[in-house]
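Everything on this sheet refers to the single structure shown next.
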Amino acid sequence: MLLPLPARKPSTPAIEPFEYRLLIPHDARAVRVARTTLRAALISHGLNELTGRAELLAGEMLANAIVHTSGDAELSVWWSQWGVLRMTVRDTSPRPPTLRAVRPYGEDGRGMRLLQALADRWGCSPLPSSKSVWCEISRR
């Protein structure tokens, strides 16, 4: 007697590459607007499972840009044909981010540690008078 083959799992549908850019004013309220906009973009492209992690990471990178610089920032979101979501925050400071000591009950200092823990990859690219901090996440 032959047993039936197990049911095949449907594969995840391919999503066409896309890119969005959002200018972020130097205003703490802009982080919430950016997170909401990012969520809407990812959901509309069928990437619902990435929204929580993407919102958290983009929010941390943007909060760092607002707290540690005096100018506007830019959030770029790019979905590649390889199934990777890259988020980049460009700000007006050339200084790279650093991992700071975290106080047990402190309210700050965790952003870069979250980036390190939750992103598949991340880094910082120096520019002549600014920098880009980026991270990548995927469905895997």
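The values are calculated or read from the model by the stated rules, or taken from the named source; none is laboratory data. Because the structure is a prediction, the values reported are computed rather than measured. Cβ: placed from backbone, ideal geometry, glycine included. Neighbour counts: every protein chain shown.
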Open item on the list: Going residue by residue through the range 35-51, is there one that turns out to be in a strand (DSSP E or B) and either free of Cβ contacts under 8 Å to residues at least 12 places away in the same chain or not acidic (Asp, Glu) (or both)?
Closed with: no
Open item on the list: Please pick out the residue among VAL31, VAL89 that is in contact with a helix residue (DSSP H, G or I) (Cβ under 9 Å, 6 or more places away or on another chain), within 22 Å of LEU118 (Cα to Cα), of a type in the set (Val, Ile, Thr) and in a helix (DSSP H, G or I).
Closed with: VAL31
Open item on the list: Please count how many residues of the range 46-68 are buried (at least 17 other Cβ atoms within 10 Å of the Cβ) and over 21 Å from ARG121 (Cα atoms).
Closed with: 1
TODO: Quick one: in the range 99-140, of everything that is basic (Lys, Arg) and modelled with pLDDT under 85, which residue is nearest to the chain's Cα centre (by Cα)?
DONE: ARG113
